[in-house]
Structure formats: structure tokens, C-alpha cells
Amino acid sequence: MKTIYISQDSVAVALGADALAQLGAEIDGMTVKRTSSRGLFWAEPLVELDTAAGRLGFANVRPEELGALVQQGDQHPKCIGLLAEHPYLKDQTRLCFGRMGVTQPLDLDDYRAHGGFAGLDAARTMTAEQVAQAVLDSGLRGRGGAGFPAGLKWQTVAKASAAQKYIVCNADEGDSGTFADRMVLEGDPFMLIEGMLIAALAAGASKGYVYIRSEYPKAFAVFSQAVALATEAGYLAAHSADNAGSSEGAAAEPGFSIEVRLAAGSYVCGEETAMLESIEGKRGIVRAKPPIPALSGLFGAPTVINNVITLASVPAILARGAAHYAALGSGRSKGTLPVQLAGNILRGGLVEVPFGAVSLRDLVFTYGGGTRSGLPVKAIQVGGPLGPYVPESLWDLPWDIDEYAKNGITIGHGGIVVHDSKADMAQLARYAFEFCAIESCGKCTPCRIGSTRGVEVVDRLLAAQDAQSYQEQESLLRDLCDTMVHGSLCAMGSMTPLPVLSALQHYPTDFTASANSAKTGV
Amino acid sequence: MQNQTADQTLPTAMSIEQYTVTQALNRCATPFEPGQEAAALLPILHAVQDQLGYIPPAQVGSIAKALNLSRAEVHGVITYYHHFRQSPLKGKHVQVCRAEACRAVGGEALWQHACARHGGAHTVEAVYCLGFCANGPSAQVGDKPVLQADAASLDAEVGI
């Protein structure tokens, strides 16, 4: 009897995993198990074969190769060796992503057998204050972008008195170059549920929401199923509107229910207050802060809002203790971050490492293997579309939130997009404004109007025929960026200028008219 | 169309649009605290669009009335969010990612091709990230992603 493991993650399926699984099932004596993805997206469809020495991996498998690879094992040309020893995986610290590629996403027994709910069990032996303290002591900072201490947020909500409090998980992972949240929702959904249950204990919340972007329909479907299974198994209370814990028949433990919500194609709904507006059934317009959502959030109630990875990091903190988490990382950047290598990269995928343990150069070249095209790396954007292009002089900085912040870069959710020498940085700068114009919620004039004007100014800059006109447009561009940075309510308007200004600073030749006349296209 | 349930009888002349909206309202609208009535709006709009393919403007009034909202508020939500549409798709829904990670691997050329080749018979739209950023350029035809896409693989999925 042989067992092979094939991922059911969206990427693997789109690259042919289902056809492989079907074929595998037809082989005599073969068992096929569908797991989450290891996050070795350069290797999908990845087939793993159980052997006495561990799971043997085969990369980019085509259906006609399946029979042969089972026969030939490590002699097969597509074999990449034992997964546990693979250079892409063996030095990672998968505190959060440890079950990826190992377990079957919707199998509760599989989850429990691999450490699932150990964190919740530990939390249930503690008081609410002790749970929040543990998360504070771990040093866990928000993984959505802002990096605010999670424990502090939980304590704020715990101290607020209200009839109803909420835990809202921000799963509106809209940044290009990011897919860690998608992997959790599709691949280890019970981990997020466990994290939310622990948060609910600490904060005194009886109801939770998970707001998933509409561009992730499979993640929505899988996570919704996970909630149903967790409810059936008694981990979650059944969802009802009347769940404040003060209704008739309230048990000693109030119970926590989760409602899964589908977003509707608005990037700005990844901003926490716009997300709340959307859940409340309105247009996703940004709210002014104060009041902070911890005190007046969803429906005006005290609300813990955390990113998927922040909540998914919590079970390990409770299970292994805050000290274990805090021992990883560097400075005030404790723990691990699941970095996402994307764009024009040879070996794109998920690399979970402690802060301070690597540099951007290690990530892009040692893990990532440089560009997919084979051309030189021209630009690396860190932190999503609102992040700057990082110049080579900073590629060796320790991968630490504060080291990067000192240099004007937000590591944020950990997305890294690599561009090769064919990239036109002026067009990318123009696109930064264009995207802002498309997605702006419209509340702030600098963002709403500035983004459109920004596209126009870049066009005039690129068309400038002499030094004087160029100077004029550049001056106008910088002035506009300054207004957007200082006059916008949220990160959309205030950080759109970052990629623009960094492109102008580090790649000035892409902007001059002579460079332009030589360009043939995008 | 005629249907009878234990708690309501529907008029025989009800259109498929009215029926779909009524079903969605029954399924999704839950009793809320005062001031929270609108909360079911997005789930209702999703349910209607999933069933009909779009949200009929003629149904905005029924939705607004059920949720104690103004038609302007409902209209505002429908038009604010890129996902919702007010008329049926023309042909297939062809989405091509135009965000950074896909641009880095030639996504713009794919976009130009999709518009030129399929824009006539189908609904070609830009999408900003499908979450497959290590395997671009990414596109989606209906609910089927096409990864590491080029003109040929996209055309094959659209069906030439």
C-alpha cells in the first residue's frame, strides 16, 4: 500500500492537481490524500510519496509521470528529495505554517493529532487576564501591516464594559504579492478558529466575524465549511443574531460563534474601519480614529480586529508559552513572519522565518533563486502596493520591523514582489496612482482627486521634452505627494506616494523623455 | 411561477427576479438591533447576484424596504463595490490580474490580448490580485483560475 499526498490548494488545483489525484486513485494499491499546500508554489503540482525515510517530493508533476515516479522514487528526475531536508523548508521556523502540506484542511482529527487545540486547552485553564498577558508577553505584533501589540489591543477590549463585544478577523488580503492569509483560510482553517476562540476568551467576546475578500471564493467556501464542522463538534456556538450571552438558557461559558462574511471587491475594505462599515452593510468608507475600534468598533461595540496571521500565531503562543515565542525574533520584532515571495521570482512561495534571522537578499536570492526570467533583479517592493521599492544598498538590512521602519519601509504583512530588468518603474509609479484612483473610498480630497491628478502628472513628466518642463512636473509631483501623505485619513492615500517617490529616487532614468521614446510598450 | 411554503404563498405572476430577492431576504435578513438593519445587505446582494448573475435595478426597492433603508443607500452600496453588477454578463467573465506581482511577469501583455481578443464576445475585466502571486500572470474565466497564463492558455480556457 502506497500513499501519496497532493495539495488541494487553489494554486495546485489550477496547475493540475485534481487530474493527478484522480489518476493516483486509479493506481492499484495507491491511497491519495489531499492536503493543504506546503507553500512551495514553484514546485506545484507537488506530489509527496510516503517512504520509510519520510515524505519524498516530486515537483511540477505531469499526469503521465505519476506511475513512473512511484516506481522510481528518488531516481526519478522530478524528485526533489525528502521534504524535511529540502533547503527551502529545513531552515524555516514554521510556528504558524507547520501543518501546511501535512494535514487535510477540514479533518478535525488530523488537526488535533498535529497539535490542534492545544493552545485553546491551555487558555481554558487560565483567566481572561492571564491569556491577554501571555499574548502581550510574547511580543506578538499585528501582522496585517500596522504592527501594533496584539496583547495590548486585547487588554483594551477586555477592560471595556459592554453587553456585546466582537472579534473581527481581517481576511481582506488585497495586497499584490500576498497569499499567506489565503493559505491559512484554505489550508489550516481550524488554526484561525482556535486563535479567535482564544481571543474571545481574553476579550470577553461572544461573537466573531471573518471578513474574506470576494477574490478568494475557495477560501470562503473552505473556511465556511470549517466553521460548520467546528460548530458541529462543539467548539463554536451556533450562529444566531441573539448571541449576546444574556439570552435564555445561557450556559456558564457564554460561547462564541463565528459568522463568515464575503467582501465585494474593494481594496480599501482591508483598512480596519472601512471593513467594519462593510460588515455593517454600508459602503466601505474609512472612519476617523479616535474612537479606536477597541473601544467603539463593530456596531459601536468594543472590537478586537486582527489580521489572519496575528490570530493564527496565537495558538502556538498559548500552547508553548509566551517565552518560547519571545525567544524568537529580534529587538521588538518577536516571533516569526510568514514571508511571501512573489512576482518575477524563480522559487516563489511561503517562507516562515523569525525576524532578524534573514535579510531581503537571503529571501530573494537564497530562497527565491532570483528572477524567474533569469534577467537581473531590478526592483523589490516590500510591504505591498503601498510599500517603497527597496534599493540594493538596503538589501542586507536585518529583516526586522523597526530596522526597516527607520529606513522608511513597512515590512507589514510580509509580501515581497520582485521585478526584473524589463520593469518600467515609471509605469509602475503611474500604476500606483491609478490603483489609488480606482480603489479610493472618496472621503479625502487628497486621495480621491490627488490620485487621478497623479496619473496625469506622471504622464506629463514622461512627455516632458526639456529640462525645464521636467523640473516643473517633478516639483508638482513631489508637492502632490506631500499633500497626499499629510492630508489623507488612511494608508491608501498617505502611502500611495511611497512607491512613486522611491521609483523616482532610485530609477530616475526610467522617467526621462529619452528613455521614454525608446520604450515600446508597457 | 407558483410556490407555496408553510408560512407564505407567492403570487403566481412573480418574476424570477422577485422570487430570487424574496428568497435571499428570507434567508439572509436576521433581526438586528435598531441601527443594525443594514448589516444583512451584502449577504443579500451576494445571494441575489449568485443566483441571477446580477442585481436587477428594479429589485432595489424591495431590498431597501425589507432592510428599512433608502433606495439611495442600497444603490450606493451596489455601485460602490466592484464585485456587484447591475446587468447580466456578456458571454463569459474573463478577469485578468493587473496588479504588481502579475505585471512583473507580463500581466499587462495578457490584459491587452484579453481585451483585444475576447472583449467583443465576453466581459473582460481587470482584477487586482487573486492571491496566486508566485504563479502569475493570473487570470480567471468564470470560476476557473488560469495560472502562469499566456495568450494560448487563456484562449483555451475561454474556448476558441
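The values are calculated or read from the model by the stated rules, or taken from the named source; none is laboratory data. Remember, it's a predicted structure, so these values are computed and weren't measured experimentally. Don't worry about glycine lacking a Cβ; one is built from the backbone with ideal geometry, like all the others, and counts go over all protein chains shown. Accessible surface is based on the protein model in full, side chains and every heavy atom, while ligands, DNA and RNA are left aside. Shrake-Rupley method; radii C 1.70, N 1.55, O 1.52, S 1.80 Å.
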Does A:ASP74 fit the bill of being touching a residue at least 12 places away in the same chain (Cβ under 8 Å) and surrounded by fewer than 19 Cβ atoms within 10 Å (Cβ to Cβ)? yes
Among the residues of region A:133-175, what is the count of those that are without any contact (Cβ under 8 Å) to a residue 60 or more places away in the chain and of a type in the set (Ser, Thr, Tyr)? 1
Hey, among the residues in region A:376-385 that are more than 11 Å from every other protein chain (Cβ to nearest Cβ) and part of a loop (DSSP other than H, G, I, E, B), which one's farthest from A:TYR404 (Cα to Cα)? A:PRO376
Could you list, in sequence order, the residues of region A:37-67 that are in contact with a strand residue (DSSP E or B) (Cβ under 9 Å, 6 or more places away or on another chain) and within 14 Å of chain B (Cβ to nearest Cβ)? A:SER37, A:ARG38, A:GLY39, A:LEU40, A:PHE41, A:TRP42, A:ALA43, A:GLU44, A:PRO45, A:LEU46, A:ALA59
Any hit, region A:161-180, residues being out of contact with any strand residue (DSSP E or B) (no Cβ under 6 Å at 6 or more places or on another chain), of a type in the set (A, V, I, L, M, F, W, C), more than 14 Å from every other protein chain (Cβ to nearest Cβ) and surrounded by 24 or more Cβ atoms within 10 Å (Cβ to Cβ): no
Looking only at region B:107-133, filter to residues that are touching a residue at least 12 places away in the same chain (Cβ under 8 Å) and closer than 26 Å to A:VAL184 by Cβ; which one of those is farthest from the other protein chains (Cβ to nearest Cβ)? B:GLY107
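Kindly indicate the residue of region A:207-227 that is polar (S, T, N, Q) and farther than 8 Å from A:VAL260 by Cα and also least open to solvent (accessible area, probe 1.4 Å) among those meeting that condition. Show your work before the answer.
Residues of region A:207-227 that are polar (S, T, N, Q), as a first pass: A:214, A:224-225.
Narrowing further to those that are farther than 8 Å from A:VAL260 by Cα: A:214, A:225.
On the way: A:SER214: 16, A:GLN225: 99 Å².
The selected residue is A:SER214.
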2 or more residues aromatic (Phe, Trp, Tyr): qualifying helices (runs of 4 or more DSSP H) within region A:405-513: A:425-439
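What residue, of A:GLY195, A:GLY142, is surrounded by fewer than 24 Cβ atoms within 10 Å (Cβ to Cβ) and away from every other protein chain (no Cβ under 14 Å)? Full working, then the answer.
Values: A:GLY195 fails: surrounded by fewer than 24 Cβ atoms within 10 Å (Cβ to Cβ).
The unique qualifying residue is A:GLY142.
Only one residue in A:PRO290, A:PRO338 is farther than 15 Å from A:ALA199 by Cα, at pLDDT 95 or above and not in a loop (DSSP other than H, G, I, E, B), so which one is that?
Working: A:PRO290 fails: not in a loop (DSSP other than H, G, I, E, B).
After ruling out the rest, the residue left standing is A:PRO338.
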Please give the number of the condition A:THR125 fails out of (1) more than 23 Å from the chain's Cα centre (by Cα); (2) in a helix (DSSP H, G or I). (2)
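Among A:PRO497, A:PRO508, which is under 27 Å from the mean Cα position of the chain (by Cα) and more than 12 Å from chain B (Cβ to nearest Cβ)?
Every option except A:PRO497 fails the conditions.
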Would region A:321-335 turn up any residue that is closer than 23 Å to A:GLU403 by Cα and within 14 Å of chain B (Cβ to nearest Cβ)? no
Exception for B:LEU67 within (1) at pLDDT 95 or above; (2) more than 29 Å from A:TRP42 (Cα to Cα) falls at (1)
Residue match in region B:148-156 (condition: facing chain A (nearest Cβ under 10 Å), in contact with a Leu (Cβ under 9 Å, 6 or more places away or on another chain) and either surrounded by 15 or more Cβ atoms within 10 Å (Cβ to Cβ) or modelled with pLDDT of 95 or more (or both)): yes
Could you count how many residues in region A:402-430 are within 20 Å of A:TYR367 (Cα to Cα) and at the interface with chain B (Cβ under 9 Å from one of its Cβ atoms)? 5
If you scan region A:272-301, which residues turn out to be more than 14 Å from chain B (Cβ to nearest Cβ), out of contact with any helix residue (DSSP H, G or I) (no Cβ under 7 Å at 6 or more places or on another chain) and crowded, with 19+ Cβ neighbours inside 10 Å? A:GLU272, A:THR273
Answer yes or no: is there a residue in region A:437-445 that is at pLDDT 95 or above, over 22 Å from A:GLY270 (Cα atoms) and open to solvent by less than 50 Å² (accessible area, probe 1.4 Å). no
Which residue pairs have Cβ atoms under 9 Å apart, sit 6 or more places apart or on different chains, and have a first residue in region A:85-106 that is farther than 17 Å from A:GLU186 by Cα and a second that is open to solvent by 50 Å² or more (accessible area, probe 1.4 Å)? A:PRO87/A:THR366; A:TYR88/A:TRP42; A:TYR88/A:ARG347; A:LYS90/A:ALA84; A:ASP91/A:ALA357; A:THR93/A:ALA357; A:LEU95/A:ARG320; A:LEU95/A:HIS324
Give the residue, chosen from A:VAL314, A:VAL364, A:VAL304, that is assigned to a strand (DSSP E or B) and either more than 14 Å from chain B (Cβ to nearest Cβ) or of a type outside the set (S, T, N, Q) (or both). A:VAL304
Only one of A:ASP396, A:ASP362, A:ASP402, A:ASP420 is of a type in the set (Asp, Glu) and open to solvent by less than 20 Å² (accessible area, probe 1.4 Å), namely A:ASP420
